[in-house]
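Worksheet for the structure shown next.
The values are calculated or read from the model by the stated rules, or taken from the named source; none is laboratory data. For clarity, every value in this text was computed on a predicted model and none was experimentally measured. Here the Cβ positions follow ideal geometry from the backbone for every residue, glycine too, while neighbour counts run over all protein chains shown. Quick note on the areas: whole protein, heavy atoms, side chains included, nothing else; ligands and nucleic acids left out. Shrake-Rupley method; radii C 1.70, N 1.55, O 1.52, S 1.80 Å.
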Amino acid sequence: MRRFSPATINEWIQLTGEVNNLERGVQLLNVLVINAGSSSLKYQLVSIERNKAIAKGLCERVGSKQSTHKHGLDENEVVIDTYLPDHRAAIDCVLDTLVNGDDAPIRSLNEIDAVGHRIVQGGSYFDHSVIIDDDVIEKIDELSELAPLHNKAALSGVRACMDAMPDVPHVAVFDTSFFQSLPPKAYMYPLPYELCKKYHIRKYGAHGTSHRYIARRAARLLDESLEDLKMITCHLGNGCSMAAIDHGAAVDTSMGLTPLDGLMMGSRCGSIDPAIVPFIMDHEHLTTDQVNELMNKQSGLLGISGVSNDLRSVRNEAEKGNERALLAYDMYSNSVKKYIGQYIAVMAGVDAIVLTAGVGENCQKMRRMIFSGLQPLGIVLDEEKNRQRGFERIISTDDSHVRICVIPTNEEYMIAHDTYDLVHKNSQIMVCSQDGPSL
Ligand code: AMP
């Protein structure tokens, strides 16, 4: 394994996430970020020193004869039809492409210094990212009950990667860990207490890596400390969630035991009267699987509009006068507006509202609808700034009491950052026991 100079490590501590200025000449650090879904595997090779992805791609339909492997940065992306019977085959294919493919970013696997894995459900065990060992694997497996599709798939990816790269540290970064700071009054459900305890029923949240990333970046953009701010973060894409972040700690979030709770989404219903579930099951003679499918895949924008789960298509139809599309659009914005109100009450105020993901970053019309009428709360969208496109930006008026920011999310960067952070902490321990830092 490669060695790191103490200068790299010290600078990292000072920069706390800003890696642009790492000293030139120090050893590079490449972190492979793996996001394994039930039949997919997304990856990025992130150069910490260069602060950017140097390769990325996606294996789709893993396990089927139609599996494909997309690889490449943006316009250089190529799609290769490759039979990938399982995650192990997908990992082998990815590693081979990274080393031997056209424009291969690295010459050997020795240039991958650590691997960060996205894990959806960390339950109450993990309130931060951890280096993976047998105990961590056991706990992730145990938590599969709470996220059956996600945790099992992630573990397949972890095992395949550990076998292919047994000598590098592997780190688990959990979607849920950011929300372990929620107080019991926010994470408990008012069901029989014993049942909640018996089945670990509570709010775990999701999209935590995205909320954590955009909160940090927004504080930097505003040139303030996260610890001085009351923030509402909104991840608005196909999946949608919001979080109340009070002086740096998450105090509430919209997703719950599962990512079905909370806001109306592309095809998920979000919060509804729970009595609707047995009502529909009785009247439509649905099984639990069928009603789950209905709430997850046939509801939200798709269910109401009958057009699509994709907001752009719904918007196009609404502009042509389609009443149901218009209603879906209205309901989506209203759902966000109501959570803004809730979280202002929860934190007794708000300094900044931060938007991200496909809709939050790109859809000026949806942003206008979300913030319309909120001027009495000191939230004033600047129409001109709202029209502008760009990177991280403030889109509220200069005299708006509450700042509105748009921050493109980058969960992979956050995973790479956590991985580096943990690995360097680990290496510091080794500094004490050896001549110099090594991994
Ligand atoms: P995500 O899940 O973050 O990829 O976001 C997907 C959602 O973002 C879909 O509903 C897209 O229609 C929406 N989206 C992406 N780009 C735009 C855009 N330029 N205007 C409106 N919606 C967009």
For the chain, which span is the longest to avoid every loop-located (per DSSP) member of chymotrypsin sites (Phe, Trp or Tyr not before Pro) having at most 16 other Cβ atoms inside 10 Å? 84-390
At R0 = 56 Å, FRET efficiency that the Cβ-Cβ distance of Glu194 and Glu284 yields, to 0.05: 0.95
Candidates per trypsin sites (Lys or Arg not before Pro) in the range 31-72, loop by DSSP, up to 10 other Cβ within 10 Å: Lys65
As a check on your grasp of the helix formula, calculate [θ] at 222 nm for the chain: sum -39500 (n - 2.57) over DSSP H runs of n ≥ 4, divide by the residue count, round to the nearest 500. -12000 deg cm²/dmol
Three-way shape label, the range 220-329, alpha-carbon gyration tensor, a/c 1.5: oblate
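Would you mind telling me the share, in percent, of accessible area of the range 189-306 contributed by carbon and sulfur at probe 1.4 angstrom?
The C+S portion of the solvent-accessible surface of the range 189-306 is 56 percent.
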Quick one: grab the alpha carbon gyration tensor of the range 107-252, order the square roots of its eigenvalues as a ≥ b ≥ c, and give me rounded if a/c is under 1.5, else prolate or oblate depending on whether a/b is larger than b/c. oblate
The percentage of the accessible area of the range 21-110 (probe 1.4 Å, all protein chains present) made up of carbon and sulfur atoms, to the nearest whole number, is 42 percent
Any trypsin sites (Lys or Arg not before Pro) in the range 332-394 that lie in a DSSP loop and have at most 16 other Cβ atoms within 10 Å would be Arg389
Report the antiparallel proportion of the DSSP beta bridges in the chain as a percent, rounded to a multiple of 5. 65 percent
With just the Cα atoms defining each centre, how far is the range 311-371 from the range 109-158? Give it in Å. 33 Å
Taking r as the C-beta separation of Lys337 and Asn296 and R0 as 25 Å, the FRET efficiency to the nearest 0.05 is 0.60
Mind checking which of Ser313, Ser333, Phe391 is farthest towards the positive end of the range 299-401's charge dipole, using Cβ charges of +1 (Lys, Arg) and -1 (Asp, Glu) about the Cα centre? Ser313
I need to check one value: relative contact order of the chain, counting alpha carbon pairs closer than 8 Å and at least 6 residues apart, in percent. 14 percent
Can you tell me what share of the DSSP beta bridges in the range 302-439 is antiparallel? A percent to the nearest 5 is fine. 40 percent
How long is the gain from Glu142 to Asp330 if the chain were fully straight, where each residue apart is worth 0.36 nm and the alpha carbon distance is subtracted? 63.6 nm
Order of exposure, largest accessible area first, which applies to Asp74, Asp81, Asp135, Asp382 with probe 1.4 Å: Asp81, Asp74, Asp135, Asp382
Between Asp102 and Lys425, what is the FRET efficiency for a Förster distance of 25 Å, r being their Cβ-Cβ separation, to the nearest 0.05? 0.10
Within the range 43-114, GluC sites (Glu not before Pro) in DSSP loop having at most 13 other beta-carbon neighbours inside 10 Å: Glu77
For the chain, what is the accessible area per residue in Å², given a 1.4 Å probe and the full set of protein chains? 46 Å²
Run the dipole for the chain about the Cα centre, Lys and Arg Cβ at +1, Asp and Glu Cβ at -1, nothing else charged, and hand back the magnitude in debye, nearest 20. 760 debye
Computed for the range 121-191: size of charge dipole around the Cα centre, +1 on C-beta of each Lys and Arg, -1 on C-beta of each Asp and Glu, debye to nearest 20, value 360 debye
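Rounded, prolate or oblate: which fits the range 269-371 when a ≥ b ≥ c are the square roots of the eigenvalues of the alpha-carbon gyration tensor, with rounded for a/c under 1.5 and prolate only if a/b beats b/c?
Working: a/c = 2.48, a/b = 1.32, b/c = 1.88.
It comes out oblate by the Cα gyration axes.
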Alpha-carbon centroid distance for the pair the range 200-260 / the range 45-87, whole angstrom: 29 Å
